[in-house]
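Quick notes on the structure that follows.
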Amino acid sequence: MRKGKPRVDLQTQKFISLLTANQNRLYSYIIMRVPCSSDADDVLQDTTATMWEKFQEFESGTDFIAWGLTIARFKVLNFRKKQLKINQCLTDNVVAKIDAESSQFISQQDYRMDALKDCMATLSKSSLEILQMRYAQQLTVRTISAHIGKAEPSIYKIIAKIHQGLLDCVRGRVSSQRGTSRVR
């Protein structure tokens with residue numbers, strides 16, 4: 001028997017690739033409808049399991065996220081039926097309004113992610129390095145401080161300044177994108 005990595009067929013690779021590219025959008029959709037993050041995690045897991053089970057029914061070349069969001073919508077509805085307290089608190093009108101507004105938010109998420117990538121590309125090498133240490137490597141501010149040779153309060157200020165700069169940049173790009181899409 002051969003040891004090592006298991007072979008993954010093309011169907012599995014395609015599913016993983018599509019899911020990975022769209023999982024944040026699925027989760028955003030679910031978390032807006034299922035406010036408790038542990039419940040939203042369960043609904044996401046149930047959604048992705050169903051998507052995998054039904055992946056042979058997915059028509060290649062069609063909109064994967066629309067297909068996934070449809071499955072997620074039914075999983076959320078099933079979850080709500082099981083949670084009587086939630087059903088008593090939210091009327092059908094409120095749920096419909098949440099659906100409409102969150103769908104718009106999710107469709108704008110692509111603009112925000114593209115804007116964030118563009119804005120990240122404008123950062124200095126030292127700013128990118130600090131973000132990399134803080135978020136990708138998950139280093140503490142104390143560790144970053146020791147590595148860079150600056151006091152911890154300075155590192156907090158630097159990170160806050162980077163965050164604010166990225167926020168301003170993303171907001172500017174998203175608002176200019178909205179302006180262009182209105183013109184079209």
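The values are calculated or read from the model by the stated rules, or taken from the named source; none is laboratory data. Just so it is clear, the structure is predicted and the values come from calculations on it, not from any experiment. Positions of Cβ are backbone-derived with ideal geometry, glycine not excepted, and every protein chain shown enters the neighbour counts.
Which one is modelled with the lowest pLDDT, of the residues in region 1-49 that are part of a loop (DSSP other than H, G, I, E, B) and of a type in the set (V, I, T)?
Restricting attention to region 1-49, the residues satisfying the condition of being part of a loop (DSSP other than H, G, I, E, B) are 1-9, 34-36.
Among the residues that remain, those that are also of a type in the set (V, I, T) are: 8, 34.
Details: V8: 63, V34: 86.
My answer is V8.
For region 21-35, name all the residues that are surrounded by fewer than 15 Cβ atoms within 10 Å (Cβ to Cβ) and hydrophobic (A, V, I, L, M, F, W, C).
Hit for region 21-35 is A21, nothing else.
Could you figure out which of (1) at pLDDT below 90; (2) assigned by TED's automatic domain parsing to the domain that holds S17 isn't true of Q104?
Only one criterion in (1) at pLDDT below 90; (2) assigned by TED's automatic domain parsing to the domain that holds S17 is unmet by Q104, namely (2).
Can you give me the number of residues within region 73-95 that are within 21 Å of T47 (Cα to Cα) and at pLDDT below 75?
Going through region 73-95 one residue at a time, the tally reaches 4.
Can you pull out the helices (runs of 4 or more DSSP H) entirely within region 123-184 that have at least 2 residues that are closer than 26 Å to Q108 by Cβ and at pLDDT below 90?
Hits in region 123-184: 152-183.
Could you run through region 109-122 and say how many residues are surrounded by 15 or more Cβ atoms within 10 Å (Cβ to Cβ) and either more than 12 Å from the chain's Cα centre (by Cα) or not in a helix (DSSP H, G or I) (or both)?
Taking region 109-122 first, the residues surrounded by 15 or more Cβ atoms within 10 Å (Cβ to Cβ) are 111-112, 115-116, 119-120.
Pick out the ones that are also either more than 12 Å from the chain's Cα centre (by Cα) or not in a helix (DSSP H, G or I) (or both) and you get 111, 115-116, 119-120.
Summing the residues that are surrounded by 15 or more Cβ atoms within 10 Å (Cβ to Cβ) and either more than 12 Å from the chain's Cα centre (by Cα) or not in a helix (DSSP H, G or I) (or both) in region 109-122 gives 5.
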